[in-house]
1. Scanning for something touching an Asp or Glu at 6+ places or on another chain (Cβ under 8 Å) and either touching a residue at least 24 places away in the same chain (Cβ under 8 Å) or part of a strand (DSSP E or B) (or both), does the range 81-94 turn up at least one residue?
2. Kindly indicate whether any position in the range 111-126 is under 14 Å from the mean Cα position of the chain (by Cα) and assigned to a helix (DSSP H, G or I).
3. Name every residue in the range 8-40 that is touching a strand residue (DSSP E or B) at 6+ places or on another chain (Cβ under 7 Å) and under 18 Å from Asp127 (Cα atoms), in order of residue number.
4. Got at least one residue in the range 95-106 being β-branched (Val, Ile, Thr), in contact (Cβ under 8 Å) with a residue 12 or more places away in the chain and under 15 Å from Phe16 (Cα atoms)?
5. Take Ile22 and decide whether it is in a helix (DSSP H, G or I), exposed (fewer than 15 other Cβ atoms within 10 Å of the Cβ) and over 12 Å from the mean Cα position of the chain (by Cα).
6. Select from the range 46-63 the residues that are part of a helix (DSSP H, G or I) and in contact with a helix residue (DSSP H, G or I) (Cβ under 6 Å, 6 or more places away or on another chain) and write down the one among them that is modelled with the lowest pLDDT.
Amino acid sequence: MNRQILTLFISLCAIFVIDQGIKNLFLEGFRWQGDFFSLILTYNKGVAFSMFSFLDAYLKYIQLCLVGGLGVYLLFQKEVLYQYALPIGIIAGAAFSNIYDRFLHEGVVDYFFWHYGFEFAVFNFADVMIDLGVVIILWRSWRKPNVSPK
């Protein structure tokens, strides 16, 4: 098996398992109230900041199609897949974990609530991992050496 594909697969599985494990703690009743942030249980029926929550049950199928479409694209763009295997695995694992929530629960399980100075949207580990994956891709793209055509 190709090293990049193995990296993608391991990172995808690791993020999925870690995220679902954390979410299960909250589903089993774990809560914590702090001065700066709290760990609570809430279900997000939309995407970031509850956008598109009006799509209700259709949203999970739309997201599944989008992630599947990106997967098909990457099958044809192997250079992109190999170059960004780790961040793509991180993003895919997080995306699948959030989509999985939509099929099991009434929405995505969110739990991290920042409320110091201002109230921020409630989010989860998968959301942070999606952001991290995007940052890694952008950083690598920015650092990529400029190759001029001959």
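The values are calculated or read from the model by the stated rules, or taken from the named source; none is laboratory data. Predicted model, so just to flag it, every value in this text is computed and none were measured. Using ideal geometry, Cβ is built from the backbone for each residue, glycine included, and neighbour counts are taken over all protein chains shown.
1. Filtering the range 81-94 for residues touching an Asp or Glu at 6+ places or on another chain (Cβ under 8 Å) gives 93-94.
Retained after the next criterion (residues that are either touching a residue at least 24 places away in the same chain (Cβ under 8 Å) or part of a strand (DSSP E or B) (or both)): 93-94.
Checked against the condition, which is being touching an Asp or Glu at 6+ places or on another chain (Cβ under 8 Å) and either touching a residue at least 24 places away in the same chain (Cβ under 8 Å) or part of a strand (DSSP E or B) (or both), the range 81-94 yields at least one hit.
2. yes
3. Listed by number, the residues that qualify are Lys23, Phe26, Leu27, Phe37, Ser38, Leu39, Ile40.
4. Initially, the range 95-106 is screened for residues β-branched (Val, Ile, Thr), giving 99.
Next, only the ones that are in contact (Cβ under 8 Å) with a residue 12 or more places away in the chain stay: 99.
Retained after the next criterion (residues that are under 15 Å from Phe16 (Cα atoms)): 99.
Yes, the range 95-106 has at least one match.
5. Details: in a helix (DSSP H, G or I): yes; exposed (fewer than 15 other Cβ atoms within 10 Å of the Cβ): no; over 12 Å from the mean Cα position of the chain (by Cα): yes.
Answer is no for this residue.
6. First, pick out the residues of the range 46-63 that are part of a helix (DSSP H, G or I): 48-50, 53-55, 58-63.
With the extra rule that they be in contact with a helix residue (DSSP H, G or I) (Cβ under 6 Å, 6 or more places away or on another chain), the set shrinks to 60, 63.
Numbers: Lys60: 79, Gln63: 86.
Restricting to residues being part of a helix (DSSP H, G or I) and in contact with a helix residue (DSSP H, G or I) (Cβ under 6 Å, 6 or more places away or on another chain), the top hit is Lys60.
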